[in-house]
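In what follows, a single structure is set out as structure tokens and then discussed.
Bear in mind that the values in this text are calculations on the coordinates, not laboratory data. Just so it is clear, the model here is predicted, and its values are computed rather than measured. Don't worry about glycine lacking a Cβ; one is built from the backbone with ideal geometry, like all the others, and counts go over all protein chains shown.
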């Protein structure tokens, strides 16, 4: 679980916020990025029911010091209230106008909505959220700390309900509200959470309750971690409504932890295929020789051997490890929110890679069993077809740190990433086709394959640089 910083305010709000943020790695906002701040304007009731304006103003000032392209404050109030009227009564519209660089204030109710499917959800399958949510480069959540009469606790996880289209919130609150809160957060990917815990409700809530004054600012990159710490702070006060409850047993937190550690149902089939392959290897294990082929040269001749145990167990475990690694990689990628935009392609890529390993494994088992096989007749066509399929898939990838054409220039810009991957997609398809044609000249087929692959890789890198320069370089 990520670090949670806790800083005493001691009448210096700016210093406390800055210290809390720096202790968790800083804002990490690049020059030219658009930052969306999500406060709590559920009602017009005073802090801690709603976001304190001085806290919001201070965060906006600190974000502007990072030189973003723009700062946007966005929210949607509870279903029974008018969001614009709530913002007017709180005074946020007037206050922001008085700032040296006024941030834009978005009333989500007045903007365009898009429907999203929530992967792995049991109770909340689909939800409508503001279209702009995908356009912001950075998302910072600014929750208050309080108890909740229906959801027990409201912190950073519950804050995401403000992203839902209002009419969907009525059925949302009728049953399994806490589980739905956790599931909703599967498609909300904040870069930072700054919690104003100078005051908090320790019972009732979310609009009214008994107030305690921890005088703290909390900060983390992990919503679950900061909410657990928030629960513990509330529990430190007498008369709280969360006493004798383990923070991790609160349903919204418990469900969020389960979702973070759980494979989706669609991941089960590829894993079963890999395990079936392993079972086949174990079945034939007694009949295999003590030494089995483990590597072939360009002519398809065995040039390396391994023990029977290594030959049977290594490939399936490698395939399983790579599949599991690729399943959990999106959770640690600094650009993890982009994975939702190419989830289907990413899943297909995982499956394709696993099937490739499984088929290769069966060829190795066949060779080890004494079947006369020239594995080069499999490898070159397989790799060629793999390149063609990758050529179709990679233009659909979005910017991330783990898969795709990752150069300093593509990572820097969505435009350069998209342009490079559209070009490289065509290049990879051409690479696969040329490699297949090279099979008609067996003597040179491997040389043809290696030449076009290296040329495609080098050309993609060079193209990304020129695309970067075309887009204006580092602005």
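A straight chain from residue 117 to residue 89 at 0.36 nm per residue would run longer than the Cα-Cα distance by 6.6 nm.
By average Cβ neighbour count within 10 Å, what is the ranking of 182-194, 52-64 from highest down? Working shown, then result.
Details: 182-194: 23.2, 52-64: 19.2.
My ranking of the peptides, most packed first, is 182-194, 52-64.
From the Kirkwood radius over Cα pairs of region 287-328, Stokes-Einstein at 10 °C and 1.306 mPa s returns a whole-number translational diffusion coefficient of 136 µm²/s. Of all DSSP beta bridges confined to the chain, the antiparallel ones make up roughly 60%. Dividing the convex hull volume of the alpha-carbon atoms in the chain by its residue count gives 162 Å³ per residue. Annotation: extensible slack from residue 304 through residue 439 equals 46.2 nm (criterion: 0.36 nm per residue apart, minus Cα-Cα distance). Between residue 275 and residue 373, the C-beta separation translates, for a Förster distance of 35 Å, into a calculated FRET efficiency of about 0.90.
In terms of packing, defined here as the mean over residues of other Cβ atoms within 10 angstrom, the peptides 426-434, 342-350 line up highest first as 426-434, 342-350. Here is how the number arises for the chain: DSSP H runs of 4 or more residues each give -39500 (n - 2.57), the sum is divided by the residue count, and the result at 222 nm is -15000 deg cm²/dmol. Legend: calculated FRET efficiency, residue 295 to residue 128, from the Cβ-Cβ distance at R0 = 56 Å, rounded to 0.05, equals 0.55. Relative intensity of region 4-261 on a log10 scale, I(q)/I(0) at q = 0.07, 0.10, 0.14, 0.15 Å⁻¹, equals -0.21, -0.44, -0.92, -1.07, per a Debye sum over C-alpha point scatterers of equal strength in the absence of solvent.
In a fully extended conformation the segment linking residue 332 and residue 149 would gain 62.5 nm over its present Cα-Cα distance, using 0.36 nm per residue. For region 4-261, the relative contact order is 22 percent, taking Cα pairs closer than 8 Å that sit 6 or more residues apart in sequence and dividing their mean separation by the residue count. Would you give the gap between the C-alpha center of region 244-301 and the C-alpha center of region 64-130, rounded to a whole Å? A separation of 41 Å, based on Cα centres. How large is the translational diffusion coefficient of region 266-470 in µm² per second when you combine the Kirkwood radius over alpha carbon pairs with Stokes-Einstein at 37 °C and 0.692 mPa s? D, rounded to a whole number, is 176 µm²/s.
Its Cα gyration tensor gives region 290-374 an equivalent ellipsoid; the semi-axes, largest first and in whole Å, are 33, 13, 10. Sequence-distant contacts, meaning Cα pairs under 8 Å at least 6 residues apart, place the relative contact order of region 266-470 at 19 percent.
Would you mind calculating the relative contact order of the chain from Cα pairs under 8 angstrom and at least 6 residues apart, reporting the percent as a whole number?
Relative contact order here is 12 percent.
Distance between the 7 Å Cα→Cβ label points at residue 426 and residue 210: 6.9 nm. At a Förster radius of 25 Å, what calculated FRET efficiency corresponds to the Cβ-Cβ distance of residue 236 and residue 109, to the nearest 0.05? Computed FRET efficiency for residue 236 and residue 109: 0.10. Taking Cα atoms only, the orientation of helix 251-261 departs from the longest principal axis of the chain by about 20 degrees. Between residue 264 and residue 325, the modelled labels are 2.2 nm apart [label points 7 Å from Cα along Cα→Cβ].
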